[in-house]
Amino acid sequence: KAGVTQTPRYLIKTRGQQVTLSCSPISGHRSVSWYQQTPGQGLQFLFEYFSETQRNKGNFPGRFSGRQFSNSRSEMNVSTLELGDSALYLCASRLQVLDNEQFFGPGTRLTVL
Amino acid sequence: AQTVTQSQPEMSVQEAETVTLSCTYDTSESDYYLFWYKQPPSRQMILVIRQEAYKQQNATENRFSVNFQKAAKSFSLKISDSQLGDAAMYFCAYVNRDDKIIFGKGTRLHILP
């Protein structure tokens, strides 16, 4: 089975722009979670989608949003980018909610200039 | 709110030796899950080991084992017979009863040949 894939792998944007990141889960996995990883804050949970519905949400401003499609693929959008949004964004999938093993993708490295 | 603390930002161990990574957490819940994840330099995070809080027996996966002390809220990871491929960032994680995951800041482990 193919693993979790994320596109693009690297992205450079400028302040004020918006960005969309994509995540394709492992085939058959219905839950997709997003995380932000920075040297200062570590790994922080953004949100989780299951069956096209947001199931859980972390403490991030409304500029961060996401969605999930019927094929379980998920996108994350960040609007009005700020310098502090520079980070590695990780996506993880799991078969079902409450299934404890998450499988992570390689991440998208976002740099905001 | 739950917190996870990894007090060792970096550690080094000689190849073939044993190393223990520390993790403490703060919670008022009695039912939860704990995990150790490994993030090698290629960045794809993988699950190393998991522990259910209701289980008194410490989890073991080959060379990896945990020392789970529920009363002390401690969850350390022991790596025996360290190998060069064990070099990575290790994250301790706590999953609460709302199925939200909280990560520690990580410990970077270096393996010395």
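In peptide B:33-40, what is the residue-averaged number of other protein chain Cβ atoms found within 10 Å of each Cβ? The partial results should precede the final answer.
Values: counts 2, 0, 3, 0, 4, 0, 6, 0.
For this peptide, the per-residue mean of nearby foreign Cβ atoms is 2.
Using only the Cα atoms, what convex hull volume per residue in Å³ does segment B:1-41 have?
Spelled out: Cα convex hull of segment B:1-41, divided by residues, is 113 Å³.
Using θ = phi - 60° in the Karplus curve 6.51 cos²θ - 1.76 cosθ + 1.60, the 3J(HN,Hα) couplings for segment B:57-72 round to 6, 6, 6, 9, 9, 6, 7, 9, 9, 10, 10, 9, 10, 4, 5, 7 Hz; x is entered for Gly and Pro. Phi angles of segment A:104-111 translate, via the Karplus equation with coefficients 6.51, -1.76, 1.60 and θ = phi - 60°, into HN-Hα couplings of 9, x, x, x, 10, 8, 9, 10 Hz per residue; Gly and Pro are given as x.
Considering every residue in B:100-112, what mean count of other chain Cβ atoms within 10 Å of its Cβ is obtained? List each step's numbers first, then the result.
On the way: counts 6, 11, 5, 7, 2, 5, 4, 0, 0, 0, 0, 0, 0.
Rounded to a whole number, the mean comes out at 3.
Listed by chain and number, the aspartates and glutamates whose alpha-carbon sits under 13 Å from that of A:Lys57, ignoring those within fewer than 8 places in the same chain, are A:Glu48, B:Asp98, B:Asp99. Under 16 Å of direct C-alpha separation, and excluding same-chain neighbours fewer than eight residues apart, B:Lys38 reaches these lysines: B:Lys78, B:Lys105. Overall shape of segment A:3-113 was characterised from the C-alpha gyration tensor. The equivalent ellipsoid obtained from it has semi-axes of 22, 13, 13 Å, in decreasing order. Every Cα-Cα pair of the protein assembly as shown was included, and the share exceeding 27 Å stands at 34 percent.
Computed extension length for B:Asn58-B:Ala16: 12.9 nm, one decimal, from 0.36 nm per residue of separation with the Cα-Cα distance subtracted.
Computed over chain B, the convex hull of the alpha-carbon atoms projects to a mean area of 6.6 nm². Solvent-free Debye calculation, one equal scatterer per alpha-carbon of segment A:1-40: log10 I(q)/I(0) at 0.17, 0.18, 0.21, 0.26 Å⁻¹ equals -0.63, -0.69, -0.85, -1.06.
Let's test the formula: R0 of 30 Å, r as the Cβ-Cβ distance of A:Thr14 and A:Arg73. What FRET efficiency results, to the nearest 0.05?
Numbers: r = 27 Å, r/R0 = 0.90.
It comes out at approximately 0.65.
Straight-line reach from B:Lys73: which aspartates and glutamates fall under 17 Å, measuring Cα to Cα and dropping same-chain residues less than 8 apart? Within the straight-line cut-off, B:Lys73 pairs with B:Asp26, B:Glu29, B:Asp31, B:Glu52.
Springs join every pair of Cα atoms under 10 Å in this Gaussian network model of chain B, and among B:Ala93, B:Ala53, B:Ala72 the largest mean-square fluctuation is at B:Ala72. Please give the residues of segment A:41-64, grouped as numeric ranges, whose backbone N is less than 14 Å from a label point set 7 Å along the Cα-to-Cβ vector of A:Thr80. Inside the label zone: A:61-64.
In chain A, Cα pairs under 8 Å separated by at least six residues give a relative contact order of 36 percent.
The numbers here are math on the coordinates, done by the rules we state, and not lab data. Bear in mind that the values here come from a model prediction, so they are computed numbers and not experimental data. Note that we place each Cβ from the backbone using ideal geometry, even for glycine, and neighbour counts take in every protein chain shown.
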